[in-house]
């Protein structure tokens, strides 16, 4: 078509022509002319994009046509006054479709303005490039048009953003439905990342303990405390909030420059005092605790039926654990706990352990008790197993689990319910069952319900020999029931994933900085000491036999017995020795070492009687390193700084003891945690300290345990209570 003819037409006429040709009707006059010319028979065919644009324009025009058909009919002159145009207060609006020049790439799309029969607008393109046109609606009000009568209408306006929003909404809806219908319904557990975190609430949680042996686990672990008056039964109701996060370390949190390749990890001292690289996890609890149970009779021996109640207690607990990058094993765990009772009296416990629990009496059962309080690490539990509806554990696994149909939870959205139980526990001493809801994008369950019962009277014939032995040895008489409901309230995604099972340059080898077997010695009548910086065990036992040959202790040693427990006072150089003879008779004797004349007068002595804590089994006692070597290693500030700070004290009132304890035969003590075989004994080096704060308001105790055969530290625990 001739360009001069097109130039003589109005914009509205050009748009009508474009519409008839199936072309876009948006743009200024020059763009419309160019579009018409390119679509002439001699021009190239319209491409797909142009056709799509034309379809959009046609859709807009059809929308305008529907609007025009909805215009009200003219109001007759004889209509009621209320219906006259002057009462309706409407304006006659004429609109023409005008579009601003194409915006620069960084600018958003302009609005479309609909106007009819407006004069041609040919903006100066150069000026428009410098300063985009403002969005506006141009109106013209006419009382009466030539030879035509129109009814009053409300303003009508469509913008490009509105049109785009409509199409976007449709596309998003259809795309969402397609993704939901076509998506893969299987997944693997999410790998934890540095910076991942969740917050959760704890509700409907209860703990019930029955049987004094079972109650004694808790009572003895935190004594002295209000629990000293509890016997036979404890009921605990818990509610509160918590959080779990994987910390993101900085370059300052690593010792060796090469370890910065694993950005986010931490350098941490392990059980041998060596530096290893680990991922740090922090778990926090702020709980309200209501306690009730039974208490002792006045004689302090029998448990009465009298009720014991402590409502409105507070428990604040933080647990930080470090997992080794190379094998994902727990290197170190630090727990800080403060329990404040309803009377305002508080007990503070700080414990550091190295891969094992420090609670006596529970042994391998102790980790089970942490399950309700700790959101499950899904990737650690399921690994790379593909999880989908119907997936389940294999027959040879001790944990039984199955994935149920995905559902839309009203709180957490689309989640997979998974049921979990432990077959060995159910066969031997109760049950452990869990129901969790899993969001594939979160590395922990968004909801977790744990139900645990420990009671070795429930042992069945299906219990394996080893599991049965563990139950009998580690689990006391009585019953423990725990139920806890945990729901995630918020979550945050971190950054880079943790490089599990990855080697690093500074990683210590298995034998690095560890004593060899050449340093071990067999026992004679006691653990080898060989110290030349203090009174040694060799000196004190030689003096005992020479100065007190008729004492029960000397007779026991001369007859083949041995000292199964010994402690040395760092304050006054007294030795407290516990002996056992070949007839299983056991007693104790305290000797005061006199340095001047190398004498050892007896301070006190006695028999253990019916409460004999030891039995003779010398063949079960392993070879050990010397007490002097282990003492120096344990007090080395470059290995165990926290221990050194406590034991190197300037306070003359602080009581400090160094010693060891050997356990053979039946296993029933914290030292048992060192043994991997139930048939052998264990020897533990111990440090103990107790003191009172300078203001006399709090009493402190501090205990450390180390394996005398390997120099591996089990951990230490510090307890502080209000002074009476």
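Computed from the coordinates by the stated procedures, all read-outs in this text should not be read as laboratory data. Not measured: the values here are computed from a predicted model. Counting neighbours? That spans all protein chains shown, and the Cβs are built from the backbone with ideal geometry, glycine included.
A few notes on this one:
- Whole-number D in µm²/s for region 530-582 (Stokes-Einstein; Kirkwood sum over Cα pairs; 4 °C, 1.567 mPa s): 112
- The stretch between residue 530 and residue 693, if pulled fully straight at 0.36 nm per residue, gains 55.2 nm over its current Cα-Cα span.
- The simple Förster model, with R0 at 51 Å and r as the Cβ-Cβ distance, assigns residue 191 and residue 539 a FRET efficiency of 0.30.
- The slack between residue 502 and residue 239, meaning 0.36 nm per residue of separation minus the straight C-alpha distance, is 90.8 nm.
- Additional length obtainable on full extension of the chain from residue 228 to residue 649, 0.36 nm per residue less Cα span: 148.6 nm
- Within region 394-551, the proportion of C-alpha pairs whose separation exceeds 24 Å stands at 67%.
- Modelled FRET efficiency - R0 51 Å, residue 419 with residue 520, Cβ distances, 0.05 increments: 0.55
- With neighbours defined as other Cβ atoms within 10 Å of a residue's Cβ, the residues 657, 640, 501 order from fewest to most as 501, 657, 640.
- Relative contact order of region 518-722, defined on C-alpha pairs under 8 angstrom at six or more residues apart (%): 17
- Zone residues, region 399-434, relative to residue 461, backbone N less than 19 Å from point 7 Å out along Cα-to-Cβ: 424-430
- By average C-beta atoms within 10 angstrom, highest first, the peptides 708-719, 540-551: 708-719, 540-551
- Fewest-first ranking of 588, 399, 575, using other Cβ atoms within 10 Å as the exposure measure: 399, 588, 575
- In terms of its C-alpha gyration tensor, region 465-616 has a prolate overall shape, because the principal axis ratio a/c (a ≥ b ≥ c, square roots of the eigenvalues) is not below 1.5 and a/b outweighs b/c.
- Neighbour-count order for 569, 461, 615, fewest beta carbons within 10 angstrom listed first: 461, 615, 569
- Counting every pair of alpha carbons in region 197-492, the share spaced more than 25 Å apart comes to 55 percent.
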